[in-house]
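Q: Got a structure for you, written out below as structure tokens; questions coming shortly.
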Amino acid sequence: QMQLVEAGGGLVQPGGSLRLSCAASNVILSMFHVGWYRQAPGKEREFVAMITTDQRTEYVDSVKGRFTVSREDAKNTVYLQMNNLKPEDTAVYYCNAKFSPDEYWGQGTQVTVSS
């Protein structure tokens, strides 16, 4: 059974940066497309970014130019570098791994952007 563990969340001031990580165990993460999603209080979970097995990336418009998703297959880990953070980026961030028909979610990590 795959396990995904997110880390790197925290409290940061507007304009600051954080790097989230999503580490997998019991599987080879390089076989999976990996996405980042977020859920703010009172809102539905939304797509943020993804990286495919062949390193193609996609981003929601609101984070383009600020967030970068990458993968380090040797460490079985995917990262989300978040720069120029805004209060509206505040949410619980989840990673998601897909290798049809299997799909796995991590437990989430809280990101709070506030002065």
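The values are calculated or read from the model by the stated rules, or taken from the named source; none is laboratory data. Please read all numbers here as calculations on a predicted model, not as lab measurements. Note that we place each Cβ from the backbone using ideal geometry, even for glycine, and neighbour counts take in every protein chain shown. Areas reflect the complete protein model, heavy atoms only, side chains present, ligands, DNA and RNA absent. Shrake-Rupley method; radii C 1.70, N 1.55, O 1.52, S 1.80 Å.
Q: Counting only residues that are closer than 15 Å to M82 by Cα and either out of contact with any Ser or Thr (no Cβ under 9 Å at 6 or more places or on another chain) or among the β-branched types (V, I, T) (or both), how many does segment 52-65 have? Explain how you work it out, then say what you get.
A: Residues of segment 52-65 closer than 15 Å to M82 by Cα: 57-65.
With the extra rule that they be either out of contact with any Ser or Thr (no Cβ under 9 Å at 6 or more places or on another chain) or among the β-branched types (V, I, T) (or both), the set shrinks to 57, 60-65.
Count: 7.
Q: List pairs: first in segment 72-88 and in contact (Cβ under 8 Å) with a residue 40 or more places away in the chain and crowded, with 16+ Cβ neighbours inside 10 Å, second among the acidic types (D, E) and not in a helix (DSSP H, G or I), Cβ under 8 Å, 6+ apart or cross-chain?
A: Close Cβ pairs (under 8 Å, with a partner that is among the acidic types (D, E) and not in a helix (DSSP H, G or I)) amount to V78/E72; Y79/E72.
Q: In segment 47-64, what count of residues is obtained for those that are closer than 16 Å to P14 by Cα and surrounded by fewer than 16 Cβ atoms within 10 Å (Cβ to Cβ)? Steps first, please.
A: The first filter runs over segment 47-64 and keeps only residues closer than 16 Å to P14 by Cα, leaving 62-63.
With surrounded by fewer than 16 Cβ atoms within 10 Å (Cβ to Cβ) added as a condition, the list becomes 62.
Matching residues across segment 47-64 total 1.
Q: Out of (1) of a type in the set (K, R); (2) modelled with pLDDT under 95; (3) out of contact with any His (no Cβ under 8 Å at 6 or more places or on another chain), the odd one out for K98 is which?
A: (3)
Q: What number of residues in segment 58-115 are touching a strand residue (DSSP E or B) at 6+ places or on another chain (Cβ under 6 Å), within 14 Å of L29 (Cα to Cα), not in a loop (DSSP other than H, G, I, E, B) and not polar (S, T, N, Q)?
A: Counting residues in segment 58-115 that are touching a strand residue (DSSP E or B) at 6+ places or on another chain (Cβ under 6 Å), within 14 Å of L29 (Cα to Cα), not in a loop (DSSP other than H, G, I, E, B) and not polar (S, T, N, Q) gives 8.
Q: Out of segment 4-25, which residues are of a type in the set (S, T, N, Q) and under 14 Å from K75 (Cα atoms)?
A: So the first thing to find is which residues in segment 4-25 are of a type in the set (S, T, N, Q), and the list is 13, 17, 21, 25.
Of everything in segment 4-25, those that are of a type in the set (S, T, N, Q) and under 14 Å from K75 (Cα atoms) turn out to be S21, S25.
Q: Pull up segment 89-101, narrow it to residues that are within 16 Å of the chain's Cα centre (by Cα) and of a type in the set (S, T, Y), then point me to the one that is least open to solvent (accessible area, probe 1.4 Å). Steps first, answer last, please.
A: We begin by selecting, within segment 89-101, every residue within 16 Å of the chain's Cα centre (by Cα); these are 89-98.
Those left that are additionally of a type in the set (S, T, Y): 90, 93-94.
Details: T90: 35, Y93: 0, Y94: 37 Å².
Out of the qualifying residues, it is Y93.
Q: Let me ask another. With the requirement that a residue be of a type outside the set (S, T, N, Q), open to solvent by less than 90 Å² (accessible area, probe 1.4 Å) and over 15 Å from the mean Cα position of the chain (by Cα), what does segment 2-30 give you? Spell out how you get there, then give the answer.
A: Taking segment 2-30 and keeping what is of a type outside the set (S, T, N, Q), we get 2, 4-12, 14-16, 18-20, 22-24, 27-29.
From what is left, the residues that are open to solvent by less than 90 Å² (accessible area, probe 1.4 Å) are 2, 4-10, 12, 14-16, 18, 20, 22-24, 27, 29.
Scanning segment 2-30 gives M2, V12, P14, G15, G16, V27.
Q: How do the pairs read when you match residues in segment 1-22 that are at pLDDT 95 or above with residues anywhere that are open to solvent by 30 Å² or more (accessible area, probe 1.4 Å) and among the charged types (D, E, K, R), using Cβ under 8 Å and keeping only pairs 6 or more apart or on different chains?
A: Matching pairs, first to second residue: G8/R19; P14/K86.
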